[in-house]
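In what follows, a structure is listed as structure tokens, so that the remarks can point back to it.
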Amino acid sequence: MKLKLFACAALGASLFAAEPTVVRPGQMPKAGTVSDRFLSYNVEMVEVTGGRFWVPYGSKKENSAPPAASASGPAIDPSAFRLREPIDLSNERLRKLAAALGPAYIRVSGTWANSAYFQDSDEPPAATPPKGFGSVLTRKQWQGVIDFAKATNAEVMTSFTISPGVRDANGVWTPEEAWKLVKFTKSAGGRIAAAELFNEPTFAAIGGAPKGYTAADFARDFAIFHSFAREAVPDMLILAPGSVGEAMKMSSMPMLKSEDMLAAIKDDIDVFSYHFYPAVSQRCGGTGGPMHTTTQAALSEDFLSTTDRDEAFYTALRDRFAPGKPIWLTETGEAACGGNPWAADFIDSFRFLDQNGRLARKGVQVIAHNTLAASDYGLIDESTLNPRPNYWSALLWNKLMGTTVLAAGTSPEANLHLYAHCLRGTPGGVAVLALSLDRDASHDLQIAGQAERYTLTAKQLEGTIVELNGRELRLTGDGDVPQLEGKRVRGKVALPAASITFLGFTSAANPSCQ
């Protein structure tokens, strides 16, 4: 009797066991396209000039300096900032790492860019900025940005100064500083490919704008900016509004509405831009509240789907005020205010790649990660210049995921997310990204044909050591990026719990990828 019951139980388990998710790369239809610079990055203006920026967690200098007044706000602990020296963009190792991510946009902006004074001379930087400005950008420093972009197959994206130092007696923006920067850029053999008027006008009150700055003021200033840009840099893409935080109010501070700003500037936009953070870090207001998150939520749909929430909000505005214009996400990361302590760990690679997949599928053309190498959300550790987990994820994305987006279909398993693009550089080829989000359960794929498998795992989700197909990823002894080698698979492919797998199908013969 016991034997019969055991046999029945075993039969029932086999009958109700989950069937593998089937992947047919040759049959996936085209869903859209993205820019060849889809995966880009930010180097904040404060990194270029030097100044007070988000100090990495655990730093011994964590309490060494108060913040700049313009970067401070309610509930922000002054110890969240530290004084940093200008980033060395001539560093060979940093250039090698960035070049491996090319082609890309390097966005040099951020709140500190809103009040930067361009010292248009070869003299050492002034000890203090002129009245109405918050920092000093030298020719040498901006030349470093131009040279870095050339060396790494990057195009420069930026924004301009809008603080009281560039305003006339009536408080109206003047392009004086912008003209200086553009003229020097041209004389130095550089190019500004794209620009916003200024960083995050929704938070103009803490972004260096004059007291009482309104959406009407923004529209007035933007009209002047548009005329300047068309005259000074006619091939530069004009981005706007560059807003953040409206889909779920990020702060109790006053905010301007994108809707009010866009109503007056809609015809002057080349690209609709917005910023997005799924959370606010512990630096800004502790660990509680609706905009804070935890590692326990990092792989949950509630957390990951915030990407869709903000995209839907800003795409709806784009469709109302600038229909048909491309949409770019020009600043994003694990959490605002420098990222949470786990932003540098493998656990954030799931958000990083899931966000890329979701937004590419929805037609977002460019995503600029914040940052390349500063604070906890940097792709590269700023002290050691060692790649972090998100860097390896970005490297695999760029190696495999081309510019044509495919409809991968939806997995019947809720915690298995699938995304697909044409395989970069391989006519007819397909790349599939599979995110196994269960912490304790594996998933199976049944693939049609043969593929090269690249699986990222970590012995500790909240750790920085990442393995590719079971081998630790690290730079070579010369500091070079290693070759990322796949393993050939066919048939059933087991996806470990909490793992990231790219599959490259070179012989998929997908007609959308020819």
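The values are calculated or read from the model by the stated rules, or taken from the named source; none is laboratory data. Just so it is clear, the model here is predicted, and its values are computed rather than measured. Glycine gets a Cβ as well: all are built from the backbone with ideal geometry, and neighbour counts include every protein chain shown. Ligands, DNA and RNA are stripped out before the accessible areas are found, and what is left, the full protein with its side chains, is counted by its heavy atoms. Shrake-Rupley method; radii C 1.70, N 1.55, O 1.52, S 1.80 Å.
Here are the numbers for the structure shown:
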item: Cα-projected label distance for residue 91 with residue 188, points at 7 Å along beta-carbon direction, nm; result: 1.9 nm
item: Prolate/oblate/rounded label for segment 446-514 (Cα gyration tensor, a/c 1.5); result: oblate
item: Shape category assigned to segment 102-158 from the gyration tensor of Cα positions, a/c cut at 1.5; result: oblate
item: Separation in nanometres of the label points that stand 7 Å from Cα toward Cβ, at residue 263 and residue 478; result: 6.1 nm
item: Residues of segment 493-514 with amide N under 13 Å of the 7 Å Cα→Cβ point at residue 30; result: 510-514
item: Inter-part distance where segment 329-360 and segment 414-490 are each reduced to a Cα centre, Å; result: 18 Å
item: Summed residue charge, Cβ within 12 Å of residue 448's Cβ, Lys/Arg positive, Asp/Glu negative; result: +3
item: Chain lengthening between residue 179 and residue 492 when straightened (0.36 nm per residue, less Cα-Cα); result: 106.7 nm
item: Antiparallel %, DSSP beta bridges [both residues in the chain], to 5; result: 55 percent
item: Computed magnitude of the charge dipole of the chain (debye, nearest 20; Cβ of K, R +1, Cβ of D, E -1); result: 960 debye
item: Span-like helix ranges in the chain, DSSP H, alpha carbon extent 24 angstrom or more, Kyte mean at least -0.5; result: 215-232
item: Subset of 96/140; 183/399; 266/362; 150/266; 150/399; 30/362 violating a 24 Å alpha-carbon distance limit; result: 183/399; 150/266
item: Portion, in percent, of the accessible area of the chain that falls on carbon or sulfur, probe 1.4 Å; result: 52 percent
item: Contour excess over end-to-end distance, with Cα ends at residue 231 and residue 59 and 0.36 nm allotted per residue; result: 57.3 nm
item: Cα gyration tensor, segment 205-277 - rounded (a/c under 1.5), prolate or oblate; result: prolate
item: Contact order relative to length of segment 146-192, as percent, for alpha carbon pairs under 8 angstrom and 6 or more apart; result: 43 percent
item: Cβ-Cβ FRET estimate between residue 168 and residue 300, R0 fixed at 41 Å, reported to 0.05; result: 0.20
item: Accessible surface, per residue, of segment 160-215 when the full set of protein chains is kept, probe 1.4 Å, Å²; result: 37 Å²
item: Alpha-carbon Debye profile of segment 106-195, log10 I(q)/I(0) at 0.15, 0.22 Å⁻¹; result: -0.55, -1.14
item: Computed helical MRE - 222 nm, the chain, DSSP H runs ≥ 4 contributing -39500 (n - 2.57), nearest 500; result: -7500 deg cm²/dmol
item: Sorted peptide list for 158-164, 117-123, criterion being average Cβ within 10 angstrom, highest first; result: 158-164, 117-123
